[in-house]
Every structure is written in C-alpha cells, then in structure tokens.
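K.L.:
Below is the structure I would like to discuss, written out as structure tokens.
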Amino acid sequence: MSRVSYVNGEYLDYNFAKVHIEDRGYQFADGIYEVFSVIEGKIVDYDGHINRLFRSLSEIEIKSPIHKKSYYFHIKNIINKNLINNGLIYLQVTRGVASRDFKFPKNTKGSLVIIGKTIHSENYEKAFNKGIQVKIEKDLRWKRVDIKTINLLAPVLAKESAAKHNCEEAWLIDQDGFITEGSSSTAWILKSNTLYTTPLSNSILKGITRQTLIRGLKNNNLKLMEKRFNIKDIKASDEAFITSATQYVMPVIRVDNFRIGNGKPGKYAEIFRKVYMEAVKLS
Ligand code: PMP
C-alpha cells in the first residue's frame, strides 16, 4: 500500500478512500477542519490545534466521533504509515451522512477523515529566502470565521485571484479598509521595531502559529501591538509577514504594487522565524 488515509475508523489506501455522497460536509460544508504541521516526524503545537478543533466542533454543535485522546493515536499512525518526516496532517470532521435536510440529523455520527502529506523542507526554505507576494482582496467571508469551518469558497476565490496575479497569498480587507487576515494565514506588518497584527475577534481565525509567535516575542522582549492596520500602514511598513501552521513565519516582499522595504526579506524575518521555532512545542 502506498499512501494511507484514515476514514471513519479504517486505514485505507489513499486512492480508494471515499466518503458518502450525502455527507453533510459535501452538501452543506457542515464541518470543521485542522491542519497540523509535522517536523522531523513530530507534530507541531499539537495541544493548540486539538483544542481549537474541539472549540470549532462545540461552536457548531458537532459531537466528536471519537474521544479527544484518540486523535493523537490516529494522527501518529498516519505519520508513521506514510513515513512522513516533514509535512502536514489534514483532519476534517463533518456532521456525518444523512438524507439532505438543513436541520441537524438525529442520531447521526460525525465523519472523520485524516490525510497525511509529505512536504520537502527545501520548498519552505526557498520561499522564505525569496519572500512572497500578496494581493489585497475583499473579505467576502461569513461573520464567524473564528470557527475553522470547511466553508472556504471566499478564500478559494481570493487565493485564485491572487495566484492569477503571481501572488502566493491574498490579504483580506474589510468594509472599513482594514486587513483582517490572509486567506489562509495571519497577516503582520513591522514598523519602527513594532510588530502589528489584527486583534482577535469573530472576524479572524485565532491562529495557533500567531499565538506561539506572540508567546515567543514576550519571552524575547520584542514589541507587539494587536491593532488593526490598513493600506496606508502597509505602505509605511518596514517589513511584512504571514504566519500559518504550514508556512511558519514567511516574509512578504510586495503587497499589490507596493514594495515592502527593499523588496527582499528583511532582518526581522529571520529573527521571528527563530523566535517561533524556539517557542514551538513538538510532540
Ligand atoms: N487565518 C486563516 C483564515 C487560516 O486559514 C489560517 C490557517 N489555518 C490561519 C489564519 C493561520 O492559522 P494557524 O497558524 O493555526 O495555521
């Protein structure tokens, strides 16, 4: 067997792993997900991600199909069975399979899928050394993006539009002209040695990488302000970044047509990456 995935209690060949056509994830995007990074066979920030998964489940009233403690066992199995040294785990829980009806089905067990993927660390190094380009897009998402749901059409469209303009990420802008976050990452700018990121609310996802970096910054006495920023602030910034479980800390060298700094990753990119890697918990 080549790649192996976990589907509702079974370990199946990735190419033949299937879910039912009336899974509510498929019909209503009625489910939630998590992405865990794997470094040298270890799961990064496991507790943060598993706790956010349970919060997401609870916010939309899905009962976990397995005990909280069992997730670790199955994720580890997927890492081992797929011989993942560096890579990621994608884990999704939906409300399960039922005849199509908007209301919650009664007595339906949630569906759980776990997929593992190898990513070669050279890809990250290459992107980090070059820096990424970002396009600003309207934030068209619903009002509870603090829940990590699989309803991702708005970010899909934003990222596609960014890609068409040779950009690796989209930064989403709200009706008041402030950046909320990236389509799949947290957004940051640095100005006069202070790092800025949007404060937590229902309008952004509480990034686990964000939380870990903030913890690291506190330990290193680096300045942070959780404050909204707009295009004017971006133009005036010295450096910019994104963070996410799979990108860790990634420098941004251009936002729309504005070059950030001298158009190359700045010195703080390396500092914040180190701070993050030191603060990170591996299990
Ligand atoms: N915001 C959004 C909208 C995301 O999809 C992600 C990626 N999960 C993040 C922020 C970053 O979160 P994390 O650091 O937990 O990956």
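The values are calculated or read from the model by the stated rules, or taken from the named source; none is laboratory data. Predicted model only: the values in this text are computed from it and were never measured. Counting neighbours? That spans all protein chains shown, and the Cβs are built from the backbone with ideal geometry, glycine included.
K.L.:
Return the pair list, or none, for Cβ contacts closer than 8 Å from residues in the range 211-233 that are of a type in the set (Val, Ile, Thr) to residues that are assigned to a helix (DSSP H, G or I), at least 6 apart or on different chains.
P.N.:
From the range 211-233, the pairs are Thr212/Gly48; Thr212/Tyr276; Thr212/Ala279.
K.L.:
Can you find, within the range 92-141, the residue that is surrounded by the most Cβ atoms within 10 Å (Cβ to Cβ) among those that are hydrophobic (A, V, I, L, M, F, W, C) and over 24 Å from Phe36 (Cα atoms)? Break it down into steps so the answer makes sense when it comes.
P.N.:
Residues of the range 92-141 that are hydrophobic (A, V, I, L, M, F, W, C), as a first pass: 93, 97-98, 102, 104, 112-115, 119, 127-128, 132, 134, 136, 140.
Applying the additional criterion that residues be over 24 Å from Phe36 (Cα atoms) yields 97-98, 102, 104, 136, 140.
Values: Val97: 20, Ala98: 18, Phe102: 8, Phe104: 14, Ile136: 18, Leu140: 11.
Restricting to residues being hydrophobic (A, V, I, L, M, F, W, C) and over 24 Å from Phe36 (Cα atoms), the top hit is Val97.
K.L.:
Of the residues Ser283, Ser192, only one is closer than 21 Å to Glu34 by Cα, over 15 Å from the mean Cα position of the chain (by Cα), at pLDDT below 95 and among the polar types (S, T, N, Q); which?
P.N.:
Sole residue among the options that is closer than 21 Å to Glu34 by Cα, over 15 Å from the mean Cα position of the chain (by Cα), at pLDDT below 95 and among the polar types (S, T, N, Q): Ser283.
K.L.:
Could you look through the range 197-210, keep only residues that are touching a residue at least 60 places away in the same chain (Cβ under 8 Å) and of a type in the set (Ser, Thr, Tyr), and pick out the one that is nearest to the ligand (Cβ to nearest atom)? Talk me through it step by step, then tell me what you get.
P.N.:
The initial filter retains those residues of the range 197-210 that are touching a residue at least 60 places away in the same chain (Cβ under 8 Å), namely 203, 205-206, 208-209.
Subsequent filtering for residues that are of a type in the set (Ser, Thr, Tyr) retains 203, 209.
Details: Ser203: 10, Thr209: 3 Å.
Ranking the candidates gives Thr209 first.
K.L.:
In the range 10-35, how many residues are of a type outside the set (Ser, Thr, Tyr) and either without any contact (Cβ under 8 Å) to a residue 60 or more places away in the chain or in a strand (DSSP E or B) (or both)?
P.N.:
Our first condition is that a residue be of a type outside the set (Ser, Thr, Tyr); within the range 10-35, this holds for 10, 12-13, 15-25, 27-32, 34-35.
Now restrict to residues that are either without any contact (Cβ under 8 Å) to a residue 60 or more places away in the chain or in a strand (DSSP E or B) (or both): 10, 12-13, 15-16, 18, 21, 23, 31-32, 34-35.
Here the count works out to 12.
K.L.:
Can you pull out the residues in the range 151-187 that are in contact with a Phe, Trp or Tyr (Cβ under 6 Å, 6 or more places away or on another chain) and within 11 Å of the ligand (Cβ to nearest atom)? Talk me through it step by step, then tell me what you get.
P.N.:
Our first condition is that a residue be in contact with a Phe, Trp or Tyr (Cβ under 6 Å, 6 or more places away or on another chain); within the range 151-187, this holds for 179, 182, 187.
Listed by number, the residues that qualify are Gly182, Ala187.
K.L.:
Looking at the structure I just gave you, is Gly31 among the small types (Gly, Ala, Ser), within 16 Å of the ligand (Cβ to nearest atom) and assigned by TED's automatic domain parsing to the domain that holds Leu91? Steps first, answer last, please.
P.N.:
Values: among the small types (Gly, Ala, Ser): yes; within 16 Å of the ligand (Cβ to nearest atom): yes; assigned by TED's automatic domain parsing to the domain that holds Leu91: yes.
Spelling it out, Gly31 is indeed among the small types (Gly, Ala, Ser), within 16 Å of the ligand (Cβ to nearest atom) and assigned by TED's automatic domain parsing to the domain that holds Leu91.
K.L.:
Next up: Of the numbered conditions (1) free of Cβ contacts under 8 Å to residues at least 60 places away in the same chain; (2) of a type outside the set (A, V, I, L, M); (3) buried (at least 21 other Cβ atoms within 10 Å of the Cβ), Ser64 fails exactly one; give the number of that condition.
P.N.:
Evaluating Ser64 over (1) free of Cβ contacts under 8 Å to residues at least 60 places away in the same chain; (2) of a type outside the set (A, V, I, L, M); (3) buried (at least 21 other Cβ atoms within 10 Å of the Cβ) leaves (3) as the failure.
Residue by residue, here is whether (1) touching a residue at least 24 places away in the same chain (Cβ under 8 Å); (2) farther than 30 Å from Leu83 by Cβ holds:
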site	(1), (2)
Asp101	no, yes
Pro105	yes, yes
Gly116	yes, no
Ser121	yes, no
Lys126	no, no
Gly131	yes, yes
Lys138	yes, yes
Arg141	yes, yes
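K.L.:
Another question about this same structure. Mind checking whether some residue in the range 192-210 is in the same structural domain as Glu270 (by TED's automatic domain parsing) and closer than 14 Å to Ile260 by Cβ?
P.N.:
Our first condition is that a residue be in the same structural domain as Glu270 (by TED's automatic domain parsing); within the range 192-210, this holds for 192-210.
Cutting the leftovers down to closer than 14 Å to Ile260 by Cβ gives us 195-196.
So far as the range 192-210 goes, yes, one or more of its residues are in the same structural domain as Glu270 (by TED's automatic domain parsing) and closer than 14 Å to Ile260 by Cβ.
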